[in-house]
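Report on one structure; see the data block that follows.
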């Protein structure tokens, strides 16, 4: 008895069917959709955690910056209660630093995975995409190119998957916030190397304060993008079935 095979192939994956083990495309789509839905849920949760970390960092840096301004102006005297507050803030930042690194790293890994799966899941559901899926991740690690290449790949998926043009503004605004945040973070990192003087330390804290301030709208816009694109992609199999 010969085995009959019917192959469904696109540019990224191939699935075979035979008369011994029937695997329907709908079942595979349901499994891929469930994995994508789970990843989207985890990503949104990690973004909430990043938002709380950024808000806490913003408050701590603001407190330290005001304290240093007080020292410079002479309005904060030695033995003032502000010293006790600053000691607690420094202790909080010291304890929160490893937590911030873990949360940010976890959210970054989930984000890159979500970019890649959004591209692949959209292609599997019939989107005609020109950019390869790896471009949504690879170019993030290449200087200069990471300023626009990942955006172009994700914009292609977003424009194809989201039929309503009223949501198209989300992606460029989010990406603009991302570029601004990265620039301010780089500036703060450069200023850390020259913090011997009080003025230089204040400049570094100001740059960190601005970076934390930019992180909040960045995270809000990213959560809106994840919600809008995730909902559109997950609705595609049901639209195709109907």
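Name the residues in region 35-70 that are in contact (Cβ under 8 Å) with a residue 40 or more places away in the chain and closer than 16 Å to residue 90 by Cα, would you?
53, 54, 55, 56, 57, 58, 61, 62, 64, 65, 68
Here is a check on your reading of the model: is residue 206 at pLDDT 85 or above, over 30 Å from residue 127 (Cα atoms) and crowded, with 17+ Cβ neighbours inside 10 Å?
Yes.
Residues to consider are 25, 74, 81, 33; find the one that is over 18 Å from residue 208 (Cβ atoms), modelled with pLDDT under 85 and in contact with a strand residue (DSSP E or B) (Cβ under 9 Å, 6 or more places away or on another chain).
25 is the lone residue from the list that is over 18 Å from residue 208 (Cβ atoms), modelled with pLDDT under 85 and in contact with a strand residue (DSSP E or B) (Cβ under 9 Å, 6 or more places away or on another chain).
Listed here are the residues, each with its yes/no results for (1) part of a helix (DSSP H, G or I); (2) without any contact (Cβ under 8 Å) to a residue 60 or more places away in the chain; (3) touching a strand residue (DSSP E or B) at 6+ places or on another chain (Cβ under 7 Å).
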site	(1), (2), (3)
115	yes, yes, no
126	no, no, no
129	no, yes, no
138	yes, yes, no
156	yes, yes, no
163	no, no, no
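For residue 145, state whether it is out of contact with any strand residue (DSSP E or B) (no Cβ under 7 Å at 6 or more places or on another chain), modelled with pLDDT of 80 or more and under 23 Å from residue 63 (Cβ atoms).
no
The conditions are (1) under 29 Å from residue 122 (Cα atoms); (2) more than 15 Å from the chain's Cα centre (by Cα); (3) crowded, with 19+ Cβ neighbours inside 10 Å, and residue 184 fails exactly one of them. Which is it?
Unmet condition: (1).
The values are calculated or read from the model by the stated rules, or taken from the named source; none is laboratory data. In this text, all values refer to a predicted model and were calculated from it rather than measured experimentally. No Cβ is skipped: glycine too gets one built from the backbone with ideal geometry, and neighbour counts run over all protein chains shown.
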